[in-house]
Structures are given as C-alpha cells and as structure tokens.
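Participant: Attaching a single structure in structure tokens format; questions to follow.
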Amino acid sequence: MPPPPRCGAAAIRLPFPIPYPPMLRFLLTRAGLVVPTFLGITVLAFFLIRLVPGDPIEVRVGERGIAPERLAELRHAMGLDQPLWKQYADYLGNVLTGDFGVSLVTRNAVIDEFLSLFPATIELAAAAILFAVVVGLPAGVLAAVRRGSVVDHTVMGLSLTGYSMPIFWWGLLLILLFSVNLGWTPVSGRLDLLYYVEPETGFMLIDTLLAGDTDAFRSALRHLVLPAVVLGTIPLAVIARMTRSAMLEVLGEDYIRTARAKGLREKRVIGLHALRNALIPVVTVIGLQAGTLLGGAILTETIFSWPGIGKWLVESINRRDYPALQGGILLIATTVIAVNLLVDLLYGVLNPRIRHAR
Amino acid sequence: MKRILLGAGLGLVAAMVMAAPANAAKTLVYCSEGSPENFNPQMNTTGTSFDVALPVYNNLVQFERGGTKVIPALAESWTVSDDGLVYTFKLRSGVKFHAGRDFSPSRDFNADDVLFSFNRMWLKDHPYHAVSGGEYDYFNDMAMPELLKSIEKVDDLTIRITLNTVEAPFIANLAMPFAAIFSAEYADALLKKGTPERLDHAPIGTGPFQFVAYQKDAVIRYKAFEQYWDGKQPIDNLVFAITPDAAVRYAKLKAGECHVVPYPNPADIAAMQQDPAITVMEQEGLNVGYFAFNTTKAPYDDVRVRRALNMAVDKKAIIEAVFQGAGKPAKNPIPPTMWSYNDTIQDYPYDPEKAKRLLAEAGFPNGFETDLWAMPVQRPYNPNAKRMAEMIQADLAKVGVRAKIVTMEWGEYRKRLQQGDHQTALFGWTGDNGDPDNFLHVLLGCEAARAGGSNVAKWCNEEFNNLVLQAKRTTDIAARTKLYQQAQVIFKEEAPWLPVAHSLVHMALSPKVVGYKMDPFGIHRFHGVDMKE
C-alpha cells in the first residue's frame, strides 16, 4: 500500500502572507476552510432529501389519501408551501442563529433530540475505535516486523476479510453465536431492562457509575461489547494495514539502522523509534475513521437497537422529517470536521517538525 | 508495572462482562418494532404509536379483547334515539386517573374529561387544539367534524352526543384509538404551568397500565395501575424494548430477552413453529389486497373484460409464492373476520380458456396492452407487490393481455392511483373501525370515486352505492348485515377488482405468556395478559 498523501496545512498556499505565528496561521486557514464546507453541507442536506419523492405529509397518509384543502393547510403549517429558495434562506438564517428547527413528527426541538441521542452514538463509536486501535495497532506492528511470515499473511488476510465484511451480516452472525447460542452477551439494547438509570450525561457507562450501581455498569459494558466489535471491525482492518505499511517504510530508514547499531534493544527500536514516526499516517487514518464510524453507526445501531443518532436519522428519512434530517446531517458533519481539525492539531504534538517548520 | 495494571484492568472488565443480573417477577417485555411519534392516540397515525398509547388510556366504549364487537368501557351503557341521531352515554363512576411525576388527580373521571378529549380535536379555538402541531388525522378521516352536531354534558356522569346524519358506524368509531379519554384536570394544570405539550409526551389516563418512563428509541416502561376500574392487571410491569430489526427480535425471543414479538420475518415462521420454546399465533388481518381495474378507462369500462381478468389469474399460486402461507385467498372485498361477510358467494374460477372467450366477445380476440401498477413497499396485505405483479403479468400473457409493470415511490404511487392515472393497479386496505362500511363505502362508494378519492377502481355503481348508503343509516345490525351481503353480490358480478388475498398476521411468544389475544386491528394490547413463573 502506498503512503497516504499528506493532507493538512502543508497543502495550502495563501496568495498573501499572514503576519501571525505559524500555529495560529495554520489554525485560521483550517478554520477558514470550514465555512464553505459547512455551507456546502447545508445545501446538500436541504436539497437532497427534497429530491426524494413524497413529502412529510404524503408519507404519513397511507392508503387513505388526504383532502386537497387539508393537504394545503398542513403544507402551509409546515412552511412547505413557500418557494424552495425561501425555505432554504429561512433555514440557513435559523441555523446561523443556532436554531435547528422542530421535528415535524415529534414536535421536539431538533437540537434537543440530537443531544439526547448523540452520547449513545459517541459512546459506541469511542468503544469501537478503542477496540480498533488496541487490536489494530499491535497487529499492524507485528505484521510489519515479521514481514512475509505466517503472522503477516494472517493479519493481512484477516484485515482484508474484516474490511469487506458487510456490517449487517457480521452483526447478526455475532448475535447468533455469542448471544443466542453461547448466551455470553445480550442480543441488543444498552442496558438490561431490570435497571433504570436516570440519564445525566447520556453516556451509559458514566451514568451507571454516577448512580453508584455497579451491576448496571456491568450490564452496560456487556451490552457495549458486540456492537463495538462490529462497528470497530472496518476501522480495525484499516488501522492494521496502515500501521503495517507505515512501519515498513520507517523500518527501512537510516535512523532505525543507527538505533540498532547503537545496540538498543529491538523492543525499544520498534516501540519508540519506529512506531512514533510511523504514527502520523496512522493518526490521519484514525481521524478519517470518524466518518466511517458515524456512517457505520447507522447500520450497527439498527441491528443492536442502539438508541443513537443513526437509528434516529433512518427513521427521519422514512418519515421525511426534513428539519430532523437536515439538523442531524449538519451536526454530524460538524462533528466530523471538528475531529479532523483535532487530528491536524495532533500532528504537531506527534511531530515537532510540523509545528515549527513553515 | 504498566503491563500488570493493564492485565488487571482487562481481567476486571472480563469478570464484569461475564456476570449476569437476576430476573424480576411478572415483567412482560414486548419487543416493539419502532419508536412512537408521541403518546397521544388522537394525533398518531401508526400502529406503532397506538401500541404505546393504548395501555394508558380507555375510551367510552372498547372493542372486546381479540374482536371487533363494541362493548362498554368508561361508558357503562348507552342509548340511541329513535331517529338514530342522539347518543346518550351513562358514565362509569369511581374511575381513577393515574398519578404522574408532576400531577396527582384530585377527582374521579367525569363528563368534563369526555368534553375535553373531543373538544380538543373538534374545536379550532380550543386552547389545546394547536398544541403539538394540532393534527387529528383519524378524527378527520372518520369524518367526525361533519358528523358531530353537539357534545353536551347532561350531568357529571352523563354525556349526550348529537349527530348531523344517521351514521351507524359511529359507535365503532368511538372505540378507535383516537377517541381516547384524557384527564381535563391534568390538561388544565399543564396549561397553567405553560407546558401543555407534556400532555402528549407524559400521558395520564384511566387505563390498565400507568406510564413510567420513555428513553427515546430504546425503552418504554409501564406499571400496572393498582386502582384500575376493572381490577389490577395480572402482570406488574410492562416494558417495550424497541427493536427495529425482525431477525434481532427473533434472536431476543430465543435468548429470553423478550416475551412477545410482532412482525416476524415470513421466512422465519416455519422455524419458529418447530421450536418448542416459541409459540406462534396467527390470525387473518383486517385487510384485503386487491388488483383494481380503472373502470373509467377502456377497456376496463367493459364488465366482460373485468370478469375475464378475474378468471385469468391463478390466485392460489400467487398466495403460495408471494405470501408463503401467510395469506388466504380473497373473494369478497371484506375479510372473513368481519360481520356480514357473504360466504355464499362463489369466486370466479381460474379458467384461462373461458377468459379468452370472454375477451373475444368483448372485442379483444388478440388481447390488448395494459399497464399494471405495483407498489414499491411491503404492506400488511401484500408482502411483495413486485413479485405479485410479475405473476399476474405472466398469467395475463397466457390470455393475450400484455401488461407492463409500473412502479414509483409510495406516496406518489398512492396519490396518482387515487387520481386515477392507472389502468390497473395493486393496492389494498387495512380496516379502521371493524365496520363493513369502512371497506364497502370507503373503497367502493361513489363518493370515493372522485379524483383523489380512495376508490381506485373509480367504480360508481348506483345500486351498490344505494345499498351501502342505506346500511350507513340503519342502526340495526341484522338489517345492515342483509344490505352488505347484497352489496357483495353486486360487487362480485360487476368485478371492479380482483380481490387477491387477506394476509395472515403472525406473532411469536414465549410459552410463559398466558392469555395473549391477537387483535384483529393489528394493535398489540396487553391488558388481561399474565405470565407463568
């Protein structure tokens, strides 16, 4: 696998000099890029769902149909009788003031619904990426160090399998094996029905601990294992492959030979000198997994009845709940952008050359 | 040192993951298929939402458990005036409302609660009318605004409802979910606090179960209401575990994580029936799937063509292939579970030769070209419209009719069908109030044949229409039965549809569940259900 293109600040050349320290300039350029991205997303989120035939009223009506007068009345009440450009302008104006509108179905504020469900998705995604890193990184290092051996072929073969695994099928397979046949983990949900924990943070692991209920915490952990493994499988495969190729590149460098020549122990050579330098592309890839994770969460949450935003978005599409969908997409995109920004900042921490050399 | 800590940590996690919690007694878990829109059956339109609201509420009258017969509930009894216009309801005394987190009832149920519940939907200037969007689809769909003349409180325990026209199915309408009775006192309290929309999200009713909590998209909890007027329920807790995927619901049932499972995958039913740890129940749904001919368009304005097509299609083969055993052939427009079903009617035989002769007689010895619309979605009365359309297409080809299958997005499909853009189309219906009027008048009456109406055959037969209208204005069930049976004879002769099938609805249960009855309306009700230890 070829090394990934170095993205981030290095690629951007401004036509005029900015008299700021490099780090601040870097931040400002990155932030400036966010604005058009953000606008583009609002356009996509707004118009794509409207291209799907059937408006929010049509899809609710079922076999019966609706009287034209009543349809007009409802369309007016939802603002759907306005010209499209005006609807968009109103929407954009509201979003800029932080108003994401009200769900057409539940009549709750979109931002409230999103915030009440988002912690569940974050918890799942965090567990998934943790699993992917904890397993994927060592596997990749091992494969690189033992290049061409059985270990290498096994890791690469498994990661290719993992990468091409359909989430739906993989999830059901694990449920049948671990939940139905072996009875080790619960089939779905976030917490055993015996427990009721008042949502404080929305993160079940934290809430159960706050409530001081260790049994509930255990139950929450048991519920998290399978969905995290399913959602983490693709990132795991990507991380393992990326770590391997980055390590292979680094292991051929002069400084590694120097380190070995110094008589350093092999573990220290690999773990410190090689891995630290191989981490930059790996961290990029981990950051890029934010999108994969949130996309995969939609399927994973559906299979495991996980009450996060994925399930909510799918339902919103089926109900043509425009405000919920637009708000949801926008907020998720914001999260992905924020994560990528964070990753860019992290390069500086990992590699001082990026911090200073401009 | 780090490694030791990591190892200990992993060990701890593993130990925690392995330990399982103990079981509680008499908690029934229902793995529901989706999240509710809200907890107000006045505004809901989906079975999923009705399911979550109904444990909390009662109506003036109710359908008997597992049937379509109307029996008393919050109204102990009622009388109808001789002209059929005035209904007087005697209300039950001593009925308690639930207490909630921010409400304790100070009085029992009375006529004010009935007035509040109906007036919210009916009166546009009612303080609650516009709350939570103010859409009362079923109230409007059942034509209640046109039907109601007045609702009066005679005294605390008597309500008088006067209608504009005689409408026999009215009493069945009152048993439908939208006619649930709310607490006027709770509503007032919320209005004073400035949070009226809580009425629709934190429900308070008189029903057998009391709402406890809803964790969005995950779990809904109820507990049995100790002071329920009909006695406390045998189970203590009712829990809805929202599980959208059918395969996962099946897995949860097998793993003992839920006790009642709706909408199993048809492909799983055989395996479920083999499993001694699962009870499978089945019932004919209150629905019909049909193949409609647009009688305003040639050649379907000729009854001979419609009859010929009725003979050209092998219904039995379709039921086997499309429904995989989960359907029964239909000959009438109403399902056999409905009163007045005319079983003496003979269905058209499957006879392609005779169909060809009829077509030749009608001037089509070489057949003709037609469109054949098929809906893109799975419906209760038709699990796979595309497959069904292909089978019909093949059957029609045998008698020389060359059909082209047309499909489009569901909302658009329904709209254009009701506009009458098609020549022939697959469609269907699920009953609302269990009254034959709800099929025969709504789907086949002249009023519904207008553009945009739900009579997609656009069929208006004066004789049929008069019978159905007369039945609507007669309150005597025996007399109505006769009229509807006669109407079904005309329907068969005139053949505006080819009725295809009534679906069989399945439920999978744990054998621990005792006394569950399937509801012909497709709603999942848990009052009267018990659990074995």
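Participant: Among the residues that make up the range B:97-109, is at least one of them of a type in the set (A, V, I, L, M), touching a helix residue (DSSP H, G or I) at 6+ places or on another chain (Cβ under 9 Å) and outside the structural domain of B:Tyr222 (by TED's automatic domain parsing)?
Facilitator: No, the range B:97-109 has no match at all.
Participant: When you check B:Gly522 against the structure, is it touching a residue at least 12 places away in the same chain (Cβ under 8 Å), over 16 Å from the mean Cα position of the chain (by Cα) and part of a loop (DSSP other than H, G, I, E, B), yes or no?
Facilitator: So B:Gly522 fails the test.
Participant: So which residues in the range A:209-237 are surrounded by fewer than 22 Cβ atoms within 10 Å (Cβ to Cβ), more than 10 Å from chain B (Cβ to nearest Cβ) and either under 30 Å from A:Val141 (Cα atoms) or not aliphatic (A, V, I, L, M) (or both), if there are any at all?
Facilitator: Within the range A:209-237, A:Gly212, A:Asp213, A:Val229 qualify.
Participant: For B:Ile235, which of the numbered conditions (1) assigned to a loop (DSSP other than H, G, I, E, B); (2) out of contact with any Pro (no Cβ under 7 Å at 6 or more places or on another chain); (3) buried (at least 20 other Cβ atoms within 10 Å of the Cβ); (4) away from chain A (no Cβ under 14 Å) fails to hold?
Facilitator: (4)
Participant: For A:Ala324, are the conditions met, namely being within 14 Å of chain B (Cβ to nearest Cβ) and farther than 24 Å from A:Ala143 by Cα?
Facilitator: Yes, satisfied.
Listed here are the residues, each with its yes/no results for (1) within 11 Å of chain A (Cβ to nearest Cβ); (2) surrounded by 16 or more Cβ atoms within 10 Å (Cβ to Cβ); (3) over 25 Å from B:Val212 (Cβ atoms).
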position: B:Val95; (1), (2), (3): no, yes, no
position: B:Arg101; (1), (2), (3): no, no, no
position: B:Ser117; (1), (2), (3): no, yes, no
position: B:Val131; (1), (2), (3): yes, yes, no
position: B:Glu135; (1), (2), (3): yes, yes, yes
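Participant: Just checking, does the range A:83-104 include any residue being polar (S, T, N, Q), surrounded by 15 or more Cβ atoms within 10 Å (Cβ to Cβ) and within 25 Å of A:Ala290 (Cα to Cα)?
Facilitator: No, every residue in the range A:83-104 fails to be polar (S, T, N, Q), surrounded by 15 or more Cβ atoms within 10 Å (Cβ to Cβ) and within 25 Å of A:Ala290 (Cα to Cα).
Participant: Continuing with the same structure: Could you list, ordered by first residue, the pairs with Cβ atoms under 8 Å in which the first is in the range B:255-270 and within 14 Å of chain A (Cβ to nearest Cβ) and the second is among the β-branched types (Val, Ile, Thr) and in a helix (DSSP H, G or I), at least 6 apart or interchain?
Facilitator: Listed pairs, sorted by first residue: B:Ala255/A:Val180.
Participant: Right, next: When you go through A:Ala31, A:Ala89, A:Ala128, A:Ala72 one by one, which is the residue that is within 30 Å of A:Val230 (Cα to Cα), small (Gly, Ala, Ser), assigned to a helix (DSSP H, G or I) and out of contact with any His (no Cβ under 7 Å at 6 or more places or on another chain)?
Facilitator: That would be A:Ala128, the only listed residue that is within 30 Å of A:Val230 (Cα to Cα), small (Gly, Ala, Ser), assigned to a helix (DSSP H, G or I) and out of contact with any His (no Cβ under 7 Å at 6 or more places or on another chain).
Participant: Additional query: Collect the residues in the range B:368-380 that are part of a loop (DSSP other than H, G, I, E, B), more than 11 Å from chain A (Cβ to nearest Cβ) and touching a residue at least 40 places away in the same chain (Cβ under 8 Å), keeping them in residue-number order.
Facilitator: Residues satisfying the conditions are B:Phe368, B:Ala374.
Participant: While we're here: Can you go through B:Ser503, B:Ser510 and tell me which one is under 22 Å from B:Glu533 (Cα atoms) and either small (Gly, Ala, Ser) or buried (at least 24 other Cβ atoms within 10 Å of the Cβ) (or both)?
Facilitator: After ruling out the rest, the residue left standing is B:Ser510.
Participant: Restricting the range A:92-115 to residues that are under 21 Å from B:Asn40 (Cα atoms) and assigned to a helix (DSSP H, G or I), which is farthest from the other protein chains (Cβ to nearest Cβ)?
Facilitator: Ranking the candidates gives A:Val110 first.
Participant: Have a look at B:Leu91, B:Leu74 and point out the one that is over 23 Å from the mean Cα position of the chain (by Cα), modelled with pLDDT of 95 or more and within 29 Å of B:Val166 (Cβ to Cβ).
Facilitator: From the options B:Leu91, B:Leu74, the qualifying one is B:Leu91.
Participant: Still on this structure, please answer the following. When the residues of the range B:419-430 are filtered to those that are small (Gly, Ala, Ser) and buried (at least 23 other Cβ atoms within 10 Å of the Cβ), which remaining residue is farthest from the other protein chains (Cβ to nearest Cβ)?
Facilitator: B:Ala425
Participant: Within the range A:155-195, work out how many residues are within 11 Å of another protein chain (Cβ to nearest Cβ), surrounded by 16 or more Cβ atoms within 10 Å (Cβ to Cβ) and not in a helix (DSSP H, G or I).
Facilitator: Result for the range A:155-195: 10.
Participant: Take A:Gly295 and tell me if it is more than 19 Å from the chain's Cα centre (by Cα) and either within 21 Å of A:Glu113 (Cα to Cα) or surrounded by fewer than 19 Cβ atoms within 10 Å (Cβ to Cβ) (or both).
Facilitator: no
Participant: Please work out which residue is nearest to A:Gly310 (Cα to Cα), limiting yourself to the range B:217-232 and to residues that are at the interface with chain A (Cβ under 10 Å from one of its Cβ atoms) and out of contact with any helix residue (DSSP H, G or I) (no Cβ under 6 Å at 6 or more places or on another chain).
Facilitator: Here the residue is B:Ala218.
Participant: Which of the residues spanning the range B:381-418 are over 19 Å from B:Val322 (Cα atoms), within 14 Å of chain A (Cβ to nearest Cβ) and outside any helix (DSSP H, G or I)?
Facilitator: The answer is B:Met408, B:Glu409.
Participant: Mind counting the residues in the range A:197-219 that are over 18 Å from A:Gly308 (Cα atoms) and among the hydrophobic types (A, V, I, L, M, F, W, C)?
Facilitator: Qualifying residue count for the region: 5.
Participant: Let me confirm something: among A:Arg244, A:Arg268, which residue is in a helix (DSSP H, G or I) and touching a residue at least 60 places away in the same chain (Cβ under 8 Å)?
Facilitator: The unique qualifying residue is A:Arg244.
Participant: Here are some conditions: (1) under 17 Å from B:Ile490 (Cα atoms); (2) buried (at least 23 other Cβ atoms within 10 Å of the Cβ). B:Asn465 meets all but one. Which one does it not meet?
Facilitator: Among (1) under 17 Å from B:Ile490 (Cα atoms); (2) buried (at least 23 other Cβ atoms within 10 Å of the Cβ), B:Asn465 violates only (2).
Participant: Test B:Ala449 against the stated conditions and say whether it is more than 23 Å from B:Lys297 (Cβ to Cβ), of a type in the set (Gly, Ala, Ser) and modelled with pLDDT under 95.
Facilitator: Criteria not met by B:Ala449.
The values are calculated or read from the model by the stated rules, or taken from the named source; none is laboratory data. Note that the structure is predicted; figures quoted are calculated from it, not measured. Don't worry about glycine lacking a Cβ; one is built from the backbone with ideal geometry, like all the others, and counts go over all protein chains shown.
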